[in-house]
Structures are given as C-alpha cells and as structure tokens.
Amino acid sequence: MATRKPANTTPETVETAELVSAEGYTDTDLKGIETFEDALRLAAETYGVEAAADLIGDGFGLIKGDPAKRSLIGRPIAVMEWKFVPGDFGGEFVVARIVAPGDNGQALKYILTDGSTGICTQLKELTERYGKKGGMVVHSGLRESQYQFCTECGGAVSNDHLSVETTHHVAPKSTFYLDPTRKMLTS
Ligand SMILES: [Zn+2]
C-alpha cells in the first residue's frame, strides 16, 4: 500500500500503532460498535454529531422531480435569486434559490431547477422584461398543469390521441408554473 510521492521529498514515517490508535475512543468502545446506530451514538457521546449538510455548503437542498415541486403548490415562496444555465439538449434551464415557510415558520431552503415552458419561461420573461434576477415573493407558490405526452410525437397531444394513433404511447406529464395569485382570506 505505497503512497506515491515526489522522489526528492523525504516521506514522513508514522508508527502504525500510533496511526491507528483512537484518540477519543477506547478499544472496548470501538469493538462494541455493531450497528450504524451504535456508531452514531458513540460519536455523539464523544464529539456530538452534526449533519455534514449543516457544516458544508449553504444549507440549500436541491429538489428534483414532480413530487418535490408538488409540495410547493399553494405555499408562499421567497425567490432569493435565479440564473440560467445551458441544458443538455441545447435548451436552457433555470436554477432558483428559494425559501418556503415550514409548518412552524422555519425556513425550508431549496434549490429548484426547471427547464419547462412553465417556471423557466416565466423567470426568463421577468429577466428580459425587468432585468430582474432575484428578490421576489410568489404568494401562492407553484401551480401544476397536467397534459398528455406522446412519446412518438414528442409532445403534448389531445386526450383522444390514442384512438387516432393506436400504436403510440401516451402518459400524463406536468408543467409547473409560479402562481403569483394572492389568495383572499375568507372570514
Ligand atoms: Zn402520438
């Protein structure tokens, strides 16, 4: 198990026993670890355990997919900032840093990506029309619009498409939009 080093430097030597001996744990502690939970409990007792996500990065988690977007329907969103990046197939998608209120008012911090004619196009238009790249509240969060997508046609089709093109494959898909509506509270 040799480590490659430049030839003209003196390799540091380490006593094996010193290298592997634990500093915060006894041999009995370490031998006693049988499950993942045991390891976390022992580490917590000795050093306190923190999630790497809280220590590394900025605390914003990437959300992907329709179920994640669906959880933001009707929930106010603070859009901190957004930018456009080139997609794999020549198009562009938007990367937006957003914060939504949790049930106890805590900040739920997400990075939202979208390349659709919904969110992405909406933000593109705002940037082009107002030069805006951040600082926006979306009172009703996201709105979902479902359509039938045909694999063979490569796009949206009508509900009776399969009765015309009997060999095609159709599945429901969703486009998500920012919903700026201020819902009126009824008293
Ligand atoms: Zn088709």
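No lab work stands behind these numbers, since they all come straight from the coordinates. This is a predicted model, so every value here is computed, not measured. Reconstructed Cβ throughout: ideal geometry from the backbone, glycine too, with neighbour counts over all protein chains shown.
A few remarks follow.
- For Lys173, a cut-off of 21 angstrom between C-alpha atoms picks up these lysines, skipping any fewer than 8 places away in its own chain: Lys64, Lys69.
- Neighbourhood net charge (15 Å Cβ-Cβ; Lys/Arg +1, Asp/Glu -1) for Glu92: -1
- The lysines within cross-link reach of Lys132, meaning a Cα-to-Cα straight distance under 17 Å and a gap of 8 or more places when in the same chain, are Lys83, Lys124.
- Helix 36-46 and the longest principal axis of the Cα set of the chain meet at an angle near 60°.
- With the simple spin-label model, which puts each label point 7 Å out from Cα in the Cβ direction, the Ile111 to Glu50 separation comes to 2.0 nm.
- Counted charge near His168, where neighbours are those whose Cβ lies closer than 13 Å (Asp, Glu -1; Lys, Arg +1): -3
- Helix axis angle, 119-130 relative to the chain longest principal axis, alpha carbon, degrees: 80
- Beta bridges assigned by DSSP with both partners in segment 61-178 are antiparallel in approximately 90 percent of cases.
- Only helical runs count toward this figure. For the chain, summing -39,500 (n - 2.57) over DSSP H runs of n ≥ 4 and dividing by all residues gives -6000 deg cm²/dmol at 222 nm.
- For segment 61-178: relative contact order, % (alpha-carbon pairs under 8 angstrom, 6 or more apart): 28
- Percent RCO, i.e. relative contact order, over segment 146-187, from Cα pairs under 8 Å lying at least 6 residues apart: 41
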